[in-house]
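A.B. asks: Sharing a structure here in structure tokens format.
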Amino acid sequence: MPRKKGRRRKRRTHVVDGGEEGADGGRKIPRSFVIRRGELPVSLKDLVPDMRRMFMPHTALHLKERKKGKMKDYFGVAGRLGISHFWLVSCTERGAYLRVGKYPRGPTLTFHLEGFSLSKDVKASQRRPISLESNDMKEPPLLVLNNFTNGPDHVKIMATVFENMFPKLDVKNVALSNVRRVILVDYDSHTETVSIRHFLLRATLAGLSKPVRSIVVRHKIPHLKGLKDISQIAEEGGTGFVSSDSEGEGPEESQVNLPQNLGKTKRKGGKTTLRLREVGPRLTMKLVKVEELFCEGKVFYHAYIHRSADEVYEMQRRHDVRKEEKALRRKVQEENVKRKQLAKQKRKGANEVGDNDEGDDDDDDVDADDVSEDADSDVEYAGKRKKPMDKGKPPRRTRTKTRR
């Protein structure tokens, strides 16, 4: 460790996060807040931390909401932390809702949460459950959009919002070891619902049986008792059962040739099998409303309320009038603040001028009468007696410890 002026100085050996810049050096990294709004049932409360793990590492994993907290409190820190998206989870008598907003200029998507499954529920339904590790959440997930290309305008807006929620990946320069998770967002045009699923991406060597793979990858020696020949290790003796999380080879479409080295055992040009292991959570939701700004503004789309052209024009006119009135009130307030500040400065300047005029008198010319009055007051103060102590209660005695 180097020294500076006789003291040790620690080098910055850790990787410095670019903060506002992405992998390409010029684009900002999208960051998000997942916030609870109002009273939620226990299941929805457990959904919030699962969603935060899904959006790691560019989100606040241990964010704590206050009961009396308002959105203005989050807006105050969103600009300094570089927050670009908000996920607001709320619940009413009609059901659970999820608002996804682009901060600060919008748009805002309001979804009705029709169904969801927590990560623990997904693990309970799997034959071989798998959990997220700390290394899996160090890099952002890979976003895959399905069935968003051909659709109306509100579907294209959804695709744009989801796409801008995660940092862009440079396909030419990306390291395969950094691609560990996949988020699949699927749109069903028949039911008009959006499904979100979270997977772990795992690469295994192709062309090897399970016992041989355990020796090569895990360095685990199988149980050799009862074997007559070493070739019996490579023989598959399965039951023929195949599940979504089984260890089989899978179809040939999942086998690829690696363009670069991946780990210690998977080399460039080798055939590898890619597997997706679901870790949760699962979300199924339906778009209800699209607003122009962040949680306010003109409504572009509504699933249940349809207005005519005249009604839309009247609403836009009233919105413009309110906007002009708000701008006028703000202008008047700014003028009043400036006027009060100028008046305060004038009063302060006048007081300073008055103090300077009073201080111009000669302090050396002291009247003898003033000196005598001061002396008499000092003598009078010195001659005063102290008040007698109240004899109603005896003074409290303190015990002193004696050494033996």
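The values are calculated or read from the model by the stated rules, or taken from the named source; none is laboratory data. Model, not experiment: these values are computed from the prediction. Cβ atoms come from the backbone with ideal geometry, glycine included; neighbour counts cover every protein chain shown.
A.B. asks: Given G6, G22, which one is in contact with a Pro (Cβ under 8 Å, 6 or more places away or on another chain) and either at pLDDT below 90 or of a type in the set (F, W, Y) (or both)?
C.D. replies: None of the others qualify; the one that does is G22.
A.B. asks: Something else now. If I filter segment 141-198 down to residues being hydrophobic (A, V, I, L, M, F, W, C) and assigned to a loop (DSSP other than H, G, I, E, B), which single residue comes out as surrounded by the fewest Cβ atoms within 10 Å (Cβ to Cβ)?
C.D. replies: It comes out as V171.
A.B. asks: Out of curiosity, is V89 in contact (Cβ under 8 Å) with a residue 40 or more places away in the chain, surrounded by 17 or more Cβ atoms within 10 Å (Cβ to Cβ) and within 16 Å of M51 (Cα to Cα)?
C.D. replies: Values: in contact (Cβ under 8 Å) with a residue 40 or more places away in the chain: yes; surrounded by 17 or more Cβ atoms within 10 Å (Cβ to Cβ): yes; within 16 Å of M51 (Cα to Cα): yes.
Yes, satisfied.
A.B. asks: Does segment 33-44 include one or more residues that are at pLDDT 90 or above, within 22 Å of S134 (Cβ to Cβ) and under 11 Å from the mean Cα position of the chain (by Cα)?
C.D. replies: Within segment 33-44 (the criterion being at pLDDT 90 or above, within 22 Å of S134 (Cβ to Cβ) and under 11 Å from the mean Cα position of the chain (by Cα)), the answer is yes, since at least one residue qualifies.
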